[in-house]
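Please read the structure below before turning to the comments.
Just so you know, all these numbers are worked out from the coordinates, no wet-lab data involved. Since the structure is predicted, the reported quantities are computational estimates derived from the model, not experimental observations. Glycine gets a Cβ as well: all are built from the backbone with ideal geometry, and neighbour counts include every protein chain shown.
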Amino acid sequence: MGLAIPRFQAHFTPCVEVGWRLAAEHWGHGYATEAARASVNFGFQLLNLKEIVSFTVPANYKSRRVMERIGMTHSSADDFNHPDAPERLRRHVLYRITPTAQPGDAQDKNSEG
């Protein structure tokens, strides 16, 4: 969990990404949302980033919900084909957040994965 610089080229790179990966037994406890929110705050407050992105396959609703909870927004115009993903997982949705964006709903932590 945390911030990373993607190693591939796309219309939105270079950029900084916030990401997370949890074992299934830890889904639904708010850990991803809490860690993502802390990572975004660190990126904006200490690293002075102007934008942070996150991306996943369209069907990964749990990760998309985390992105929305922390205040990220999606525009279908930003969706892209991930060059390093297998063909069946190539299409990705891109979410963005800037320092001026409103934070996600801190009360809504229990339905994430």
Part of a strand (DSSP E or B) and in contact with a Phe, Trp or Tyr (Cβ under 9 Å, 6 or more places away or on another chain) - does that describe any residue in region 29-52?
yes
List every residue pair whose Cβ atoms lie under 8 Å apart, where the two residues are 6 or more positions apart in sequence or sit on different chains, the first residue falls within region 4-22 and is under 15 Å from residue 57 (Cβ atoms) and in contact (Cβ under 8 Å) with a residue 12 or more places away in the chain, and the second residue, located anywhere, is exposed (fewer than 10 other Cβ atoms within 10 Å of the Cβ) and among the hydrophobic types (A, V, I, L, M, F, W, C).
17/5
Scanning region 73-99 for residues that are touching a residue at least 40 places away in the same chain (Cβ under 8 Å) and not in a helix (DSSP H, G or I) gives 80, 82, 83, 84, 94, 95, 96, 97, 98, 99
Out of 53, 57, I need the residue that is of a type in the set (Val, Ile, Thr) and within 15 Å of residue 98 (Cβ to Cβ). Which one?
53
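Okay, residues lined up against (1) surrounded by 13 or more Cβ atoms within 10 Å (Cβ to Cβ); (2) more than 23 Å from residue 37 (Cα to Cα); (3) not polar (S, T, N, Q):
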site: 62; (1), (2), (3): yes, no, yes
site: 66; (1), (2), (3): yes, no, yes
site: 71; (1), (2), (3): yes, no, yes
site: 80; (1), (2), (3): yes, yes, yes
site: 83; (1), (2), (3): no, yes, yes
site: 86; (1), (2), (3): no, yes, yes
site: 90; (1), (2), (3): yes, yes, yes
site: 99; (1), (2), (3): yes, no, yes
Filtered residue count, region 1-37, keeping only those that are touching a strand residue (DSSP E or B) at 6+ places or on another chain (Cβ under 9 Å) and among the hydrophobic types (A, V, I, L, M, F, W, C):
12
If you go through region 29-44 one residue at a time, how many are buried (at least 18 other Cβ atoms within 10 Å of the Cβ), touching a Leu at 6+ places or on another chain (Cβ under 8 Å) and either farther than 14 Å from residue 72 by Cβ or touching a residue at least 40 places away in the same chain (Cβ under 8 Å) (or both)?
2
